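Novice: Pasting in a structure now, in structure tokens, and then I'll have a few things to ask.
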């Protein structure tokens with residue numbers, strides 16, 4: 001089921017997850033490396049390995065959040081539809 005409500009819910013979850021995910025990645029990066037996460041990949045003073053590592057980690061977390069958001073939205077919409085259908089069947 002790919003309804004408008006599911007798309008809206010999925011987008012909201014993904015946006016909120018993106019903000020939380022980027023903060024988690026930045027915090028984890030600081031814990032692991034001891035310095036702030038890179039904010040400009042075009043900075044020539046930033047070692048290429050560090051820029052690529054941060055990009056891969058960030059992209060992986062973003063992909064996980066997107067999939068989880070879409071699946072969560074689908075599950076929530078399906079459960080709400082089933083609940084509404086049961087309620088309607090009981091009223092008839």
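Novice: Output the Kirkwood hydrodynamic radius of the range 1-55, Cα pairs only, in Å rounded to one decimal.
Specialist: The Cα-based Kirkwood calculation yields 13.2 Å.
Novice: Relative to the first principal axis of the alpha-carbon coordinates of the chain, what is the inclination of helix 4-33, with its axis defined by its Cα atoms, in degrees from 0 to 90 and to the nearest 10?
Specialist: Value to nearest ten degrees: 30.
Novice: Provide the FRET efficiency to the nearest 0.05 for the residue 56-residue 16 pair, computing r from the beta carbons and using R0 = 30 Å.
Specialist: 0.85
Novice: If you don't mind, there's one more thing I want to ask. Tell me, what are the semi-axes, in whole angstrom and largest first, of the equivalent ellipsoid of the chain as set by the roots of 5 times the Cα gyration tensor eigenvalues?
Specialist: Working: eigenvalues 340, 25, 14 Å².
The three semi-axes for the chain are 41, 11, 8 Å.
Novice: For the chain, find the longest principal axis of its Cα atoms and tell me its angle to the long axis of helix 48-91, 0 to 90°, nearest 10.
Specialist: With rounding to tens, the tilt is 10 degrees.
Novice: Calculate the spin-label point distance for residue 8 paired with residue 35, positioning each point 7 Å from the Cα along the beta-carbon direction, and give it in nanometres.
Specialist: Spacing of the two 7 Å Cα→Cβ label points: 4.6 nm.
Novice: Taking only DSSP H segments of four or more residues, each worth -39500 (n - 2.57), what value at 222 nm results for the chain once the sum is divided by all its residues, to the nearest 500 deg cm²/dmol?
Specialist: -29500 deg cm²/dmol
Novice: With a cut-off of 8 Å between alpha carbons and a minimum separation of six or more residues, what is the relative contact order of the chain in percent?
Specialist: 47
Values in this text are rule-based calculations from the coordinates and carry no lab data. If you're wondering where the values come from, they're calculated on a predicted model, not measured in any experiment. Ideal geometry is used to build each Cβ from the backbone, glycine not excepted, and the neighbour counts take in all protein chains shown.
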